[in-house]
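Structure first, then comments.
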Amino acid sequence: MEESVEYLAGAFAVAWLLVFGYVLMMARRQRRLEQDIALLRETLQNRQQD
Amino acid sequence: MTRERDLWMLGLDIIAAIAMFIALYMALVWVPDAANLTTPVERAAQHIFYLHMGVNVGAGLGFLVTFIASIAYLLSRRRIWDMIAVSSVELGVIFATAVLATGSIWARPTWNTWWTWDPRLTTAAIVWLLYIAYLMLRGALEDSAQRARFAAVYGIFAFFSVPLTFMSIRWWRTIHPVVLGGSNPEAQGGFALGPSIRLTMFVSMVAFAILYAALLGHRVRLEQTAEAIERLKEQLA
């Protein structure tokens with residue numbers, strides 16, 4: 001890579017990695033929590049039926 | 001979660017993506033190099049400025065919203081304000097990390113160093129550490145009401161470091177350029193804000209403000225889902 005754009009490319013890469021990494025982490029957390037909710041609701045429903 | 005809210009959030013996501021695309025295009029392709037910079041490396045690195053200003057807006061909004069939400073929580077004791085406060089701090093820390101990283105990378109070709117204990121850089125690092133401490137404080141408290149109360153008080157006091165950082169380049173001797181509302185004759189790597197540079201900076205700042213709002217919506221939803229789980233667990237206990 002040309003020296004003139006090395007810093008520019010580096011700055012954009014770091015900033016976007018941070019943002020995309022955070023978005024990805026949030027999406028994974030949301031999916032896990034929604035799975036937990038589904039499981040808890042099912043357990044609650046089964047308990048009410050018993 | 002309501003379907004109406006999901007649609008609003010999707011709409012905001014799309015607007016944020018379009019705004020970011022426009023901001024990136026303007027910063028990397030459309031805007032000309034700053035005329036007064038002499039070397040190709042300096043001229044190319046100056047384009048980091050638009051990203052640096054954008055993530056600065058994200059960090060500033062993150063901490064300002066936390067300040068407002070913390071006051072609102074203490075006045076109303078409504079849980080939603082605490083959720084907004086913690087979500088906003090997390091986003092603020094992500095953007096503040098990007099501010100420090102982009103600033104440091106830009107400093108290398110401009111100031112010939114990755115870091116210097118200049119008043120602006122020092123106060124920005126203090127802000128970053130203060131809000132990481134906010135997240136650590138929350139992690140250390142078990143009781144949710146106590147956690148929300150302590151965090152709200154901390155969130156209010158921590159915010160005073162933000163205007164101090166903004167004003168640091170106006171109050172103290174520094175090599176950091178003053179971009180908004182003033183100038184610094186001792187600045188190194190400064191440049192004139194022509195109409196195209198000003199417009200690109202403004203578009204980048206607006207784009208990052210929209211991105212912040214979109215991410216905040218998703219992060220608050222995460223908090224609400226976590227609370228719904230706690231309620232279900234209480235019912236099962």
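Listed values, structure above:
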| item | result |
| --- | --- |
| Peptide B:106-118, shielding by other chains (average Cβ, 10 Å cutoff) | 1 |
| Two-decimal ratio, the protein assembly as shown, of alpha-carbon radius of gyration to 2.2 N^0.38 Å | 1.13 |
| Over chain A: helical MRE at 222 nm, DSSP H runs n ≥ 4 each giving -39500 (n - 2.57), nearest 500 | -35000 deg cm²/dmol |
| Mean ellipticity per residue at 222 nm, deg cm²/dmol - from DSSP H runs of n ≥ 4 across chain B, formula -39500 (n - 2.57) | -26500 deg cm²/dmol |
| Choice from B:88, B:76, B:196 with maximal GNM fluctuation in chain B (Cα, 10 Å cutoff) | B:76 |
| Ratio of Rg to Rh over the range B:105-237 (Cα coordinates, Kirkwood Rh, two decimals) | 1.10 |
| Test item: A:11-24 mean partner chain Cβ contacts at 10 Å | 6 |
| Where the Cα pairs of the range B:84-168 fall when distances are cut into 10 Å bins, in % | 16, 44, 26, 12, 2 |
| Cα centroid separation, the range B:209-237 to the range B:75-133 (Å) | 24 Å |
| Kirkwood Rh in Å, taken over all unlike Cα pairs in the range B:4-122 | 16.7 Å |
| Relative compactness, the range B:41-86, computed as alpha-carbon Rg over 2.2 N^0.38 Å | 1.75 |
| For residue B:131, net neighbour charge (Lys/Arg +1, Asp/Glu -1) across residues whose Cβ lies under 14 Å away | 0 |
| Nearest 10 degrees, 0 to 90: helix B:119-140 Cα axis against chain B principal axis | 10 degrees |
| Where Rh is the Kirkwood radius over Cα pairs, Rg/Rh for chain A | 1.52 |
| Label point 7 Å beyond Cα of residue A:38 along Cβ direction - residues of the range B:217-237 with amide nitrogen under 13 Å | none |
| Distant alpha-carbon pairs in chain B (separation over 23 angstrom), percent | 54 percent |
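We did not get these values from a lab; they are worked out from the coordinates using the rules stated. A quick note: this is a predicted structure, and the numbers were derived from the prediction, not measured. Heads up, the Cβs are rebuilt from the backbone with ideal geometry, glycines too, and the neighbour counts pull from every protein chain shown.
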